[in-house]
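Every number here is computed from the coordinates shown, using simple stated rules; none is lab data. Treat the numbers as computed from the prediction; the structure is a model and nothing was measured. Glycine also receives a Cβ, built like all others from the backbone with ideal geometry; neighbour counts cover every protein chain displayed.
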Amino acid sequence: IFDGVEPNPKDTNVRDGLAVFRREQCDIIVTVGGGSPHDCGKGIGIAATHEGDLYQYAGIETLTNPLPPIVAVNTTAGTASEVTRHCVLTNTETKVKFVIVSWRNLPSVSINDPLLMIGKPAALTAATGMDALTHAVEAYISKDANPVTDAAAMQAIRLIARNLRQAVALGSNLQARENMAYASLLAGMAFNNANLGYVHAMAHQLGGLYDMPHGVANAVPLPHVARYNLSPTR
């Protein structure tokens, strides 16, 4: 068991987790939590199967070897890392958040059970919910969007609009939790194919420099970027 994952997972977390993976001679990775454990688990899988510094793999489809199987047990409704090809890590030396995008990062099994989300604090529920909303909005307006991603993104937006406040107000509301889990999943499916935009570009830097919670880092610029995108000069 490795429990040394920090929010906005660091390259040092991956290094420490890799040491446990190798010491225990593991052949599978099980991640439990939200985006931070899932991304750290992906990072451990990458480090276990690829040589050199993780930062050199930043970019799209840079991985050449298959990763160990990953089972992602999700406890938040936000990042959708349990169903996406993205691995987001922080370089502790430069304080830069970087993304390794590869279909090899996809977990073999993803478990989304709203019962595991009942105990989430209100602030975390709100922040992760705003991350899911940002995923859906940015996927919907992306130049890479298509009718399938649009359908997933729009349904995610509807579900979040109807359920996020309820989940924040009463964490034991299982129906709201279930709908938020589904919304996060749909938003993940949308942006996994349609990609993201300016909001996440800024949020990653806020997270890297100031270790700001990712959902909050998305919520702050989202309305400003929306107004910018609506500008007639765009």
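Among 223, 114, 37, the residue with the largest mean-square fluctuation in a Gaussian network model of the chain, with springs joining Cα atoms closer than 10 Å, is 223. The long axis of helix 35-49 is offset from the longest Cα principal axis of the chain by roughly 30 degrees. Here region 29-147 is assigned +1 on the Cβ of each Lys and Arg and -1 on the Cβ of each Asp and Glu. Its dipole about the Cα centre then comes out at about 100 debye.
Under the shape rule built on the C-alpha gyration tensor, where the axes satisfy a ≥ b ≥ c, region 114-234 is oblate, since a/c reaches at least 1.5 while a/b does not exceed b/c.
Dividing the summed helix terms, -39500 (n - 2.57) for each DSSP H run of n ≥ 4, by the number of residues in the chain produces a 222 nm estimate of -17000 deg cm²/dmol to the nearest 500. Over region 112-183, Cα pairs under 8 Å with separation of 6+ residues give a relative contact order of 45 percent. Of all lysines in the structure, those lying under 26 Å Cα to Cα from residue 42, and not within fewer than 8 positions of it along the same chain, are 10, 95, 97, 120. For the options 60, 29, 100, a Gaussian network treatment of the chain with springs between C-alpha atoms closer than 10 Å singles out 60 as fluctuating the most.
Near residue 197, once Lys and Arg are set to +1 and Asp and Glu to -1 for all other residues with Cβ below 11 Å from its Cβ, the sum equals -1.
The label-point distance for residue 28 and residue 169, in a model that sets each label 7 Å from Cα toward Cβ, rounds to 4.2 nm. Computed from Cα positions, the angle between helix 174-194 and the longest principal axis of the chain comes to roughly 70 degrees. Residues considered: 61, 82, 24. Largest GNM mean-square fluctuation over the chain, using C-alpha springs under 10 Å, is found at 24.
Counting charges near residue 80 (Lys, Arg +1; Asp, Glu -1) among other residues having Cβ under 14 Å from its Cβ returns a value of -2. About its Cα centre, the dipole of region 114-234 is roughly 280 debye, where the only charges are +1 on Lys and Arg Cβ and -1 on Asp and Glu Cβ. Applying 1/(1 + (r/R0)^6) with R0 = 25 Å to the Cβ-Cβ distance of residue 118 and residue 151, what FRET efficiency is obtained, to the nearest 0.05? Rounded to the nearest 0.05, the efficiency is 0.30.
The angle separating the long axis of helix 198-210 from the principal Cα axis of greatest extent in the chain is about 50 degrees.
Using only side-chain charges placed at the Cβ, +1 for Lys and Arg and -1 for Asp and Glu, the dipole size of the chain relative to its Cα centre rounds to 620 debye. Taking every alpha-carbon pair under 8 Å whose residues sit at least 6 apart, the chain reaches a relative contact order of 20 percent. A cut-off under 14 angstrom between Cβ atoms defines the neighbours of residue 171, and their net charge, with Lys, Arg +1 and Asp, Glu -1, is +2.
Among the listed values [x] -0.21, -0.34, -0.73, -1.11; [y] -0.28, -0.45, -0.81, -1.04; [z] -0.26, -0.43, -0.91, -1.31, the one computed from these coordinates for log10 I(q)/I(0) by the Debye sum over Cα atoms at q = 0.07, 0.09, 0.13, 0.16 Å⁻¹ is [x].
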